[in-house]
Amino acid sequence: MKIEVLAARAKAKGLSLHDKLVGYLPHYAPLASKAPWLMNLRNTVPGLAKLLEGPTGFAAGRKLPAWRGDTFKDSEVGPPDPVQAVLFADTFNRYFEPENLRAAQKVFAKAGIGIDVARPGDGGKPLCCGRTFLSVGLVEEARAEAERLLDALFPLAEKGLPIVGLEPSCLLTLRDEIPALLPGEKSKVVADKARMLEEYLADLADRNALNLPLKSPAQKVMLHGHCHQKAMGVVPAIEKVLRLLPDTSVETIETSCCGMAGSFGYKSDTQEISMKMAELSLLPAVRESGDNTLVVADGTSCRHQIFDGAGKDAIHIARLLEIALTD
């Protein structure tokens, strides 16, 4: 319903610069990543964020995700023999937090699981789920991205290979919005094989097929579930994987949305509401956590909200497992 409303609004009134910057992110990201210092000036030059607040709609009080020069490249993953799973490298982790994808690689390698990375069949720009386009009502653009993604993933899913992702809002689009955008056999088969990293590992553990030697990464781990993970019933899988850690207590923070909700928390007119949402339960719980506690949040927007509101670095479960790997 929200997407339909956004699409009707975009058709009637067009898109603001803010909407264009958010929606078309996957298209300009490859170019932007070649000059990260230039793209990050808004965060580093005093007064520039305030100057750009009006034209861009991004709240001056927020630092935007920092562009990286060491972006994740598909060539970093070589096809093993045999391939047991396929890694879907989403736009956010690829360009802003590539250490999460590299951590997942190390976890797979330590577990003896051969992975390949999903590559575009047309040899063009990296694959994208279309989530950013949907968030601003650009349904046709999202459908075009979804078609490219399905073309790349369907032959792999048809072979029975799990499609494993790290970013909840991206990977779970394969199970929710894409089958609605492109109903048919392709989307159905891919949706059936789409798994969050924690779901994939939990499935292996349930079958006693996960050989992943782990040590305790901290005395305690606090978990914040992403809204998509909650809506799609993924949180129990995260908890199951976290319970594999020896000598580590695990606490799930009982929260609603963290308040960031994609780009909602970055907008100048909704930043205050965003922080009020986070203050209901999430941020107080994180502030009370001790130095020996690690906070896990799979959503990139959630991690930024936690850092901005509580000054604590939350990490993806892939990085937590990387820390916990035994030598």
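The values are calculated or read from the model by the stated rules, or taken from the named source; none is laboratory data. As the structure is a computational prediction, the values presented were derived from the model and not from experiment. Note: ideal-geometry Cβ built from the backbone for every residue, glycine included; neighbour counts use all protein chains shown. For accessibility, only protein heavy atoms count, side chains too; no ligands or nucleic acids. Shrake-Rupley method; radii C 1.70, N 1.55, O 1.52, S 1.80 Å.
Among the listed residues ASP151, ASP116, which satisfies the condition of being assigned to a helix (DSSP H, G or I) and either open to solvent by 10 Å² or more (accessible area, probe 1.4 Å) or at pLDDT below 95 (or both)?
Numbers: ASP116 fails: assigned to a helix (DSSP H, G or I).
Exactly one residue qualifies, and that residue is ASP151.
Just one of the numbered conditions (1) open to solvent by less than 30 Å² (accessible area, probe 1.4 Å); (2) farther than 23 Å from PHE264 by Cβ is not true of ALA146: (2).
Go through the residues of the stretch 157-175 one by one and say whether even a single one is charged (D, E, K, R) and open to solvent by less than 30 Å² (accessible area, probe 1.4 Å). Taking every residue of the stretch 157-175 in turn, at least one turns out to be charged (D, E, K, R) and open to solvent by less than 30 Å² (accessible area, probe 1.4 Å). Given the residues ASP74, ASP90, which is the only one that is buried (at least 17 other Cβ atoms within 10 Å of the Cβ), in contact (Cβ under 8 Å) with a residue 40 or more places away in the chain and among the acidic types (Asp, Glu)? Among ASP74, ASP90, only ASP90 is buried (at least 17 other Cβ atoms within 10 Å of the Cβ), in contact (Cβ under 8 Å) with a residue 40 or more places away in the chain and among the acidic types (Asp, Glu).
Scanning the stretch 46-67 for residues that are free of Cβ contacts under 8 Å to residues at least 60 places away in the same chain and either within 18 Å of GLY299 (Cα to Cα) or polar (S, T, N, Q) (or both) returns THR56, ALA66, TRP67. Taking the listed residues ALA142, ALA60, ALA146, the one that is outside any helix (DSSP H, G or I) and either under 29 Å from LEU214 (Cα atoms) or touching a helix residue (DSSP H, G or I) at 6+ places or on another chain (Cβ under 7 Å) (or both) is ALA60, with no other qualifying.
Tallying residues that are of a type in the set (A, V, I, L, M) and over 25 Å from GLU239 (Cβ atoms) within the stretch 261-300 yields 2. Within the stretch 215-251, the set of residues being among the hydroxyl-bearing types (Ser, Thr, Tyr) and part of a strand (DSSP E or B) comprises SER249 only.
Step by step: first the residues of the stretch 252-278, then only those that are outside any loop (DSSP other than H, G, I, E, B) and open to solvent by 70 Å² or more (accessible area, probe 1.4 Å), then the one that is farthest from GLY54 (Cα to Cα). Which residue is that?
Of the stretch 252-278, the ones outside any loop (DSSP other than H, G, I, E, B) are 252, 264-267, 271-278.
Filter once more, keeping what is open to solvent by 70 Å² or more (accessible area, probe 1.4 Å): 272-273, 276.
Values: GLU272: 16, ILE273: 18, LYS276: 22 Å.
For the stretch 252-278, the residue satisfying everything is LYS276.
Taking the stretch 279-293 as the range and being open to solvent by 40 Å² or more (accessible area, probe 1.4 Å) and either of a type in the set (D, E, K, R) or in contact with a strand residue (DSSP E or B) (Cβ under 9 Å, 6 or more places away or on another chain) (or both) as the test, the residues that pass are GLU279, ARG287, GLU288, ASP291, ASN292.
Residue count for the stretch 282-299 under the criterion of being touching a helix residue (DSSP H, G or I) at 6+ places or on another chain (Cβ under 6 Å) and over 10 Å from MET222 (Cβ atoms): the result is 4.
Taking the condition of being in contact with a helix residue (DSSP H, G or I) (Cβ under 6 Å, 6 or more places away or on another chain) and of a type outside the set (Lys, Arg), how many residues in the stretch 42-51 meet it? Residues meeting the conditions: 2. Taking the stretch 102-125 as the range and being closer than 24 Å to ALA32 by Cα and in contact with an Asp or Glu (Cβ under 7 Å, 6 or more places away or on another chain) as the test, the residues that pass are ALA103, VAL117, ARG119, GLY121. Might you let me know whether the stretch 47-64 holds any residue that is open to solvent by 50 Å² or more (accessible area, probe 1.4 Å), small (Gly, Ala, Ser) and within 18 Å of HIS304 (Cβ to Cβ)? Yes; the residues of the stretch 47-64 include at least one that is open to solvent by 50 Å² or more (accessible area, probe 1.4 Å), small (Gly, Ala, Ser) and within 18 Å of HIS304 (Cβ to Cβ).
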